[in-house]
Amino acid sequence: MADISAALVKELRERTGAGMMDCKKALTETSGDIEKAVDYLREKGLAAAAKKAGRIAAEGLVESYIHGAGRIGVLVEINCETDFVAKTDEFRALAKDIAMQIAASKPDFVRREDVAEEVIVREKEVLTAQAANEGKPEKIIQKMVEGRIDKFFKEICLLEQPFIKDPDMSVQQLINEKIAKIGENISIRRFVRYELGEGLQKRQDDLASEVAAVTKNC
């Protein structure tokens, strides 16, 4: 029987919206193969989000968010299946939340699949060297690196970041909840984030904290 890690169960739950126990059972039944586990949940009718994930989402909208009198600007394209849903208040509110998330948390990519392999390799090399410098035994360095690379993805990938309005859920879990509620596939296609003076030498303010504070009043 394959050793099913909590991280693997969590990843499957985020992808499908299925319950934790259902995800663990699916992974156990498929010997830890996450793609087969997704299919297993879909076949059992347990994957609320996965059932819709293959459907074409070509409608939607481009949402904008400007913070601090023009100090930070975000544009994000969020897709759904129909123009009707794109015009609903709930979908527009979701798009606004995602734009604010990007402003506050500064992701570099939408999902981990978007991260170039050379970036991942370089990060793993750095993390491996760090663990070795900490005097960790060789046999546990690999596990440490795996854990730290997951943390790295959560920092740079939008869908894996904690949602700023509810840090107990990820952005992907938020999307999955909306898919289940709205009944259409929803996907974040792309985004761009501008910060005034970015790359120039200047005084650094805690802009992320400011944006996060604003969201509490929304």
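Please treat every number below as a calculation from the coordinates, not as lab data. Note that the coordinates shown come from a computational prediction; the quantities given were computed from them, not determined experimentally. Using ideal geometry, Cβ is built from the backbone for each residue, glycine included, and neighbour counts are taken over all protein chains shown.
Using +1 at the Cβ of each Lys and Arg and -1 at the Cβ of each Asp and Glu in the chain, identify which of Ile78, Ala6, Met144 lies farthest towards the dipole's positive end.
My answer, from the dipole projection, is Ala6.
Computed FRET efficiency, Cβ-Cβ of Val121 and Met169, R0 30 Å: what is it to the nearest 0.05?
Values: r = 30 Å, r/R0 = 1.01.
For R0 = 30 Å, the calculated efficiency reads 0.50.
Test of understanding: what is the full-extension gain from Lys10 to Thr28, defined as 0.36 nm times their sequence separation minus their Cα-Cα distance? Walk me through the intermediate numbers first.
On the way: separation 18, 0.36 × 18 = 6.48 nm, distance 1.37 nm.
Extra length available between Lys10 and Thr28 comes to 5.1 nm.
Gain in length, Ile66 to Ile149, computed as 0.36 nm per residue apart minus the alpha-carbon separation, to one decimal in nm?
On the way: separation 83, 0.36 × 83 = 29.88 nm, distance 3.13 nm.
Answer, rounded to one decimal: 26.8 nm.
Once you sort the root eigenvalues of the Cα gyration tensor of the chain as a ≥ b ≥ c, which label holds: rounded (a/c under 1.5), prolate (a/b larger than b/c) or oblate (the other case)? If you can, show how the numbers build up before the last one.
Details: a/c = 2.23, a/b = 1.08, b/c = 2.07.
Because a/c hits 1.5 or more and a/b fails to exceed b/c, the chain counts as oblate.
Treating cross-link reach as a plain straight distance, find the aspartates and glutamates whose alpha-carbon is under 13 Å from the alpha-carbon of Lys181, omitting any fewer than eight places away in the same chain.
Glu90
Find out how many positive minus negative residues lie around Ser5, taking Lys and Arg as positive, Asp and Glu as negative, among other residues whose Cβ is under 13 Å from that of Ser5.
Details: positive: Lys10, Arg13, Lys24, Lys143; negative: Asp3, Glu11, Glu146, Asp150.
Net charge around Ser5: 0.
Taking the Cα centre as origin and putting +1 on Lys and Arg beta-carbons and -1 on Asp and Glu beta-carbons, what dipole magnitude results for the chain, to the nearest 20 debye? Mind dumping the intermediate values first?
Working: 35 positive and 39 negative charges, 58 e Å.
Dipole magnitude for the chain comes out near 280 debye.
Once every DSSP H run of n ≥ 4 in the chain is given -39500 (n - 2.57) and the sum is divided by its residues, what mean residue ellipticity at 222 nm do you get, rounded to the nearest 500 deg cm²/dmol?
Values: 10 runs with 113 residues, N = 218.
So the helix-based figure for the chain works out to -16000 deg cm²/dmol.
For each of Leu158, Leu41, Leu8, count neighbouring Cβ atoms within 10 Å of the residue's Cβ, then give the residues from fewest to most.
Details: Leu158 23, Leu41 29, Leu8 18.
So the residues, fewest neighbours to most, are Leu8, Leu158, Leu41.
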